[in-house]
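Let me begin by presenting the structure, written as structure tokens, before commenting on it.
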Amino acid sequence: MNCDNVKIGLALGGGFFRGIAHIGVLQVLAENKIPISMVAGTSIGSAVGAAYAAGADPFMLGKLVCACSENMFYDVGMPRMGLIKGEKIVAFMRTITGNKSFEQTKIPFAAVACDIERGEKIVLSQGNLAQAVRASVSVPGVFRPVEYEGRLLVDGGVMERLPVSVVRDMGADVTIAVDVGARTGSYSVRNTVDVMMRALELMEYQVIASETPPDVLLHPELHHITMTSLSQAQECLERGRGEATYHLPEIFAAIEAVQRKKEAG
């Protein structure tokens, strides 16, 4: 399919290590030659989105993440404002993005964060990618908030779990959203971090009903995947691939509908 005249925007949601499913989605889109024109991400979605926008190959990225351990991302400090300092995440993101800035990405990218003091959604689209991702993944109470231009920023999912409105504002004709959260089913809570992350996830789903709906919504079944562990990384990747493959007819139909509309004038 020729998609040259259609701008496809990808909105990647939060869900911590469940976000590995985003990489599986990107792999299937690449295999089917569906070009992404812009991407916006919240929390883990911002990490995957930043890497992709910076030029990372989704197949190599999948292999890399599946070979990682949680210790590569956790650096516990004094819990004045968060249990985890987040310096390891910044270092990892600098590596997989080539330490690029937003201005150096191959396609437009935006990361969503929240000003915890003013209660405002903040869309980051300038400066260093790794630092923006660090702000967007800052789950309250788990990661230390990030000070940015006089603001104190935390996980963007507090305000917008799926940044569909952001990719629309960026100029997308077709919006594809990937929700890696778990609305239903039981979830095993094992420690303090699990408690805070699960509480945030449940709270976010009270917000999502009022968000801008995408043209195509992908929601892989991940309720049994532990958010704070990489032990199920490969399965998470495969479930993202499976969900994207299932929705390919819907994606192609949405693209064709825009093409017909543009041809009709």
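The values are calculated or read from the model by the stated rules, or taken from the named source; none is laboratory data. Only a predicted model underlies this, so the values are computations on that prediction, with no experimental measurement involved. Neighbour counts are summed over all protein chains in view; Cβ atoms, including those assigned to glycine, are modelled from backbone coordinates with ideal geometry. Side chains included, ligands, DNA and RNA excluded: accessible areas come from the protein's heavy atoms. Shrake-Rupley method; radii C 1.70, N 1.55, O 1.52, S 1.80 Å.
Given the options M159, M38, M72, state which has the largest fluctuation in a GNM of the chain using a 10 Å cut-off (strictly under) for Cα springs.
Greatest mean-square fluctuation among the candidates belongs to M72.
Under 8 Å for C-alpha pairs, at least 6 residues apart: give me the relative contact order for the stretch 1-120, rounded to a whole percent.
So the answer I get is 29 percent.
Which number gives the lysine pairs in the chain that have C-alpha atoms under 27 Å apart and are eight or more places apart or on different chains?
23
What ³J(HN,Hα) values, in whole Hz, does the Karplus curve 6.51 cos²θ - 1.76 cosθ + 1.60 give for the stretch 42-59 when θ = phi - 60°, with x put for Gly and Pro?
Along the stretch 42-59, the couplings run 10, 6, 4, x, 6, 5, 5, x, 5, 4, 5, 5, 6, x, 5, 6, x, 6 Hz.
Can you work out the FRET efficiency for the pair R94 and L248, with r the C-beta to C-beta distance and R0 = 30 Å, to the nearest 0.05?
For R94 and L248, the calculated efficiency is 0.30.
Summing +1 for each Lys or Arg and -1 for each Asp or Glu, what net charge is found among the other residues whose Cβ lies under 13 Å from the Cβ of I176?
-3
Quick one: ranking K85, K7 by accessible area, 1.4 Å probe, largest first, what do you get?
Of K85, K7, the descending order of accessible area is K7, K85.
Binning every alpha carbon pair distance of the stretch 70-183 at 5 Å from zero, what are the percents per bin?
2, 12, 20, 22, 22, 15, 6, 2, 0, 0
Among S231, N71, G9, which residue has its Cα positioned farthest towards the positive end of the charge dipole of the chain, with +1 placed on the Cβ of Lys and Arg, -1 on the Cβ of Asp and Glu, and the dipole taken about the Cα centre?
With unit charges placed on the Cβ atoms, the residue in question is N71.
Please give the length that would be gained between S125 and E147 if that part of the chain were fully extended, namely 0.36 nm times their separation in residues minus their C-alpha to C-alpha distance (nm, one decimal).
6.3 nm
Counting only heavy atoms of protein chains, what accessible area per residue, in Å², does the chain have with a probe of 1.4 Å?
43
Could you check what % of the DSSP bridge pairs in the stretch 1-135 are antiparallel, to the nearest 5?
Close to 45 percent.
Hey, what number do you get for the chain at 222 nm if only DSSP H runs of n ≥ 4 count, each worth -39500 (n - 2.57), divided across all residues, to the nearest 500?
-12000 deg cm²/dmol
Show the residues, 5+ positions off or on another chain, whose built amide H is closer than 5 Å to the amide H of L218.
Long-range HN contacts for L218: A177, V178, D179.
Please give the length that would be gained between E221 and D75 if that part of the chain were fully extended, namely 0.36 nm times their separation in residues minus their C-alpha to C-alpha distance (nm, one decimal).
49.6 nm
Please report the carbon-and-sulfur percent of the accessible area for the chain; probe 1.4 Å, protein heavy atoms only, DNA, RNA and ligands left out.
So the carbon and sulfur contribution to the accessible surface is 53 percent.
Quick one: length gained pulling E103 to K63 fully straight, 0.36 nm per residue minus the C-alpha distance?
11.7 nm
Could you check the simple spin-label distance between K261 and Q234, using points 7 Å along Cα→Cβ, in nm with one decimal?
Placing both labels 7 Å along Cα→Cβ, they lie 4.2 nm apart.
Over the heavy atoms of E238, what accessible area does a 1.4 Å probe trace out, to the nearest 10 Å²?
Approximately 90 Å² for this residue.
Around Y148, which amide H atoms from residues at least 5 apart in sequence, or from another chain, sit under 5 Å from its own amide H, with H modelled in the peptide plane?
L153
Compute the relative contact order of the chain as a whole-number percentage, counting only Cα pairs closer than 8 Å that sit 6 or more residues apart in sequence.
Dividing the mean separation by the residue count of the chain yields 27 percent.
Considering the chain as a Gaussian network with a 10 Å cut-off on Cα pairs, which listed residue, H22, H219, H247, attains the greatest mean-square fluctuation?
H247
So what does Y148 come to for accessible area, using a 1.4 Å probe and Å² rounded to 10?
70
DSSP beta bridges in the chain, what fraction antiparallel, as a percent rounded to 5?
Roughly 40 percent of the DSSP beta bridges within the chain come out antiparallel.
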